[in-house]
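Q: One structure coming up, written as structure tokens, with questions to follow.
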Amino acid sequence: METKSCVEYGVDAAVATVVINNPAKRNAMTAGMWQALPALLAALASDPGVRALVLTGEGNTFCAGADISTLREPGAAGGTPQELAVRAEEALAAFPKPTLAAVRGYCVGGGSQLAAACDLRFAEEGARFGVTPAKLGIVYPSSSTRRLTALVGPSAAKYLLFSGQLIDAERALRTGLVDEVLPAGQLDKRVAEFTGVLVSRSQLTQAAAKEFTDGRTGRDAYWAEQAQGSGDTAEGVAAFLERRAPRFAWHPGG
């Protein structure tokens, strides 16, 4: 039975898992998949039951990039495939809760674009990464280039962009493109363990830290007001003194 290409999701234990599903083409992103992602992310961002998000691919591949057959299409809703890809990337980068890309197999082109837009990236041994617009004569978007450079530094970004060559998970770890590399069969367990830690922490702290580390400034007074009114600090201190797990209540939009 043919599986329709799509971006789908499920929520379990306060963690939303978004799955890139186009296995017939190694989970390549079609224009329709790019277009669907921002609305899906907006719905998850507004759900107070979601405290973290994992992005992964169906089966043994994260995402082999954009579906090349769609690159000549004008795109849906008045956008080219590249414009739709940038909107999806920016929506993922702006997601107000912690995001983690769980990578198996190929993470190439648009796949690397999405992974870089996540806060963290965990990869399984054997994963391969590449930023490949130079193979197609495509100008990589400036926002995507800046994000890649912030992760790996100018020299490594130029290596990837100039050559279009793939690198293995170990080199990706050394350059800062990924945060952890796990043995085969251990990725899901480690992601579940780590996201379990994330959802137990203060969303107030996480949201402010995400904004600050992403270079967005000028809202110190806003976050001070949020901290004062949230009760998270009082709860955290009380839980520490009482030697129990804290029950943090603040959430984005709450």
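Q: Which whole-number percent is the relative contact order of region 6-197 (Cα, under 8 Å, 6+ apart)?
A: Values: 373 pairs, mean separation 35.4, N = 192.
Reported relative contact order: 18 percent.
Q: Which net charge results for the neighbourhood of ASP168, defined as the other residues with beta-carbon distances under 12 angstrom from its beta-carbon, given Lys and Arg at +1 and Asp and Glu at -1? Let's see the in-between values first.
A: On the way: positive: ARG128, ARG171, ARG174; negative: GLU124, GLU125, GLU170.
Taking every other residue near ASP168 into account, the sum is 0.
Q: Be a star and scan region 194-235 for residues whose amide nitrogen sits under 16 Å from the point 7 Å along the Cα-to-Cβ vector of ALA94.
A: Counting only backbone N, you get 211-212, 214-217.
Q: What does the convex hull of the Cα atoms come to per residue for region 2-150, in Å³?
A: Convex hull volume per residue, Cα atoms: 112 Å³.
Q: Greater than 30 Å separation of Cα atoms is the criterion. Which listed pairs, LYS25/LYS210; LYS25/LYS135; LYS25/LYS189, meet it?
A: On the way: LYS25/LYS210 33 Å; LYS25/LYS135 18 Å; LYS25/LYS189 26 Å.
Exceeds cut-off: LYS25/LYS210.
Q: Write down the Å³ per residue value for the convex hull defined by the alpha carbon atoms of the chain.
A: Hull volume over Cα atoms, normalised by residue count, gives 140 Å³.
Q: Would you work out which of PHE122, GLY236, PHE162 lies farthest towards the positive end of the dipole of the chain, given +1 charges on the beta-carbon of Lys and Arg and -1 on that of Asp and Glu, about the Cα centre?
A: PHE162
Q: Please give the calculated 222 nm ellipticity per residue for the chain, where each DSSP H segment of at least 4 residues contributes -39500 (n - 2.57) and the sum is spread over every residue; nearest 500 deg cm²/dmol? Walk me through the numbers on the way to the answer.
A: Numbers: 10 runs with 111 residues, N = 254.
The per-residue figure over the chain is -13500 deg cm²/dmol.
Each reported figure results from applying straightforward, stated rules to the coordinates on display, with no laboratory input. Fair warning: this is a prediction, and the values are worked out from it, not measured in the lab. Counting neighbours? That spans all protein chains shown, and the Cβs are built from the backbone with ideal geometry, glycine included.
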